[in-house]
1. I need the full set of residues from segment 191-243 which are closer than 14 Å to E15 by Cβ, of a type in the set (V, I, T) and buried (at least 21 other Cβ atoms within 10 Å of the Cβ), in order please.
2. Can you name the number of the only condition in (1) within 28 Å of S62 (Cα to Cα); (2) in a loop (DSSP other than H, G, I, E, B) that H152 fails?
3. Here is a check on your reading of the model: is A76 of a type in the set (A, V, I, L, M), within 11 Å of the ligand (Cβ to nearest atom) and either touching a strand residue (DSSP E or B) at 6+ places or on another chain (Cβ under 7 Å) or at pLDDT 95 or above (or both)?
4. Looking at segment 131-164, which of the residues that are among the hydroxyl-bearing types (S, T, Y) and over 16 Å from E93 (Cα atoms) is surrounded by the fewest Cβ atoms within 10 Å (Cβ to Cβ)?
5. Just give me the residues in segment 129-152 being within 14 Å of the ligand (Cβ to nearest atom) and of a type outside the set (A, V, I, L, M), in sequence order.
6. Can you tell me which residues in segment 1-27 are hydrophobic (A, V, I, L, M, F, W, C), more than 18 Å from L55 (Cα to Cα) and away from the ligand (no atom under 15 Å from the Cβ)?
7. Being away from the ligand (no atom under 13 Å from the Cβ), open to solvent by 60 Å² or more (accessible area, probe 1.4 Å) and either in contact with a helix residue (DSSP H, G or I) (Cβ under 8 Å, 6 or more places away or on another chain) or assigned to a strand (DSSP E or B) (or both) is the requirement here; does D187 meet it?
8. Output the residues belonging to segment 165-184 that are surrounded by fewer than 18 Cβ atoms within 10 Å (Cβ to Cβ) and polar (S, T, N, Q).
Amino acid sequence: MTILLLGADGQLGYELHRAFAPFGNVHPYTISGQLPGAQRCGQLDFAVPGALSALVTQLRPSLILNAVAHTAVDRAEDEPALARRINAEAVAELAAAASIVNAKLVHYSTDYVFGGEGDRPWREDDATAPLGVYGVTKLEGEHAVRASGCRHIVIRSAWVYASRGQNFLRTALKLATERQELRVVHDQVGSPTPARWLATVTALMHAKKPDANGTWHVVGDGQCSWFQFASAIYSEALAAKIIDRAPRLVGITSSEYPSKAKRPSYSRLDTGRLAADFGLQLPDWRVGLREVIGELAEAK
Ligand SMILES: NC(=O)c1ccc[n+]([C@@H]2O[C@H](COP(=O)([O-])OP(=O)(O)OC[C@H]3O[C@@H](n4cnc5c(N)ncnc54)[C@H](OP(=O)(O)O)[C@@H]3O)[C@@H](O)[C@H]2O)c1
């Protein structure tokens, strides 16, 4: 099977490369034409109109994994046209091309499509109400996939992190050595999800039901605030001896941490549909954290 992997150097793309290797011939593409470790791969920029259609019609993959996104949530407020191009317009082009060559498209979306004021985990068919450019454009991307008529899976996840790439865990570990005190938001709640888990579940979904079509939520089980996540990161990292000291954590409200983009205060996603349709459920987020910290400890 020919598999086209877009965004192979992102947190998720890197893990998808490993997870989908047993399914066939994976063709990785990145914006730089390089993979982590300076290995060469295909080069493709989502900002260039026509590039995706040309690639898909030439390669004719049977499966496309799209891990590309404009994920800089605050920067998206300043460059909405670029965010829309990458998160929505390019996705529409990709989905149309997938439809022409009859490829199945696996596309990722986010908890940020929801309004963020909730009292129970968001279900796949709950009303969407994104708060900023990132969420709006990711939702447009979802709509474009569904409207194209291509075979597709849309997977919404949240609070994705890994031992590599840019994420909350890596920032927290870096700041451990630089700061005596860290102010962390305690009134935003979600479910941390290792990129490796997300990639593994995607592969299992494909293996179990290759013809499945629709939208599913995939996140680590349980929930925490950013403050609780930071606190757990430091206690696991100290225990694994990745750091030898941790800053004092001070819980603050979102209003005390002004940012360009408004973040949802309640981001937990309901994963009942994943369990019902695929018999899959991710473990508690603390198990994932221990795994990722373990990876970092091994690499040290
Ligand atoms: N991170 C999260 O917390 C989170 C939460 C929910 C959902 N998601 C979704 O999960 C998916 C994967 O996200 P991630 O966490 O793996 O993000 P990531 O690490 O930021 O990866 C995004 C990838 O997109 C690439 N990219 C950006 N602009 C591009 C362009 N113009 N052309 C080609 N490639 C481009 C980036 O390349 P460069 O690094 O070289 O720019 C990077 O490899 C996305 O759909 C995201 O919306 C993420």
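The values are calculated or read from the model by the stated rules, or taken from the named source; none is laboratory data. It should be emphasised that the depicted structure is a prediction, and the values quoted were computed from it without experimental measurement. Note that we place each Cβ from the backbone using ideal geometry, even for glycine, and neighbour counts take in every protein chain shown. Each accessible area value is taken on the protein alone, full model and side chains, heavy atoms only, with ligands, DNA and RNA left out. Shrake-Rupley method; radii C 1.70, N 1.55, O 1.52, S 1.80 Å.
1. Once the filter is applied, which keeps residues that are closer than 14 Å to E15 by Cβ, of a type in the set (V, I, T) and buried (at least 21 other Cβ atoms within 10 Å of the Cβ), segment 191-243 yields T193, V201, T202, V218.
2. (2)
3. yes
4. Selected residue: S163.
5. Selection gives P130, G132, Y134, G135, T137, K138, E140, G141, E142, H152.
6. Passing the criteria: A21, F23.
7. No; evaluated as a whole, the condition is false for this residue.
8. Across segment 165-184, the qualifying residues are Q166, T171, T177, Q180.
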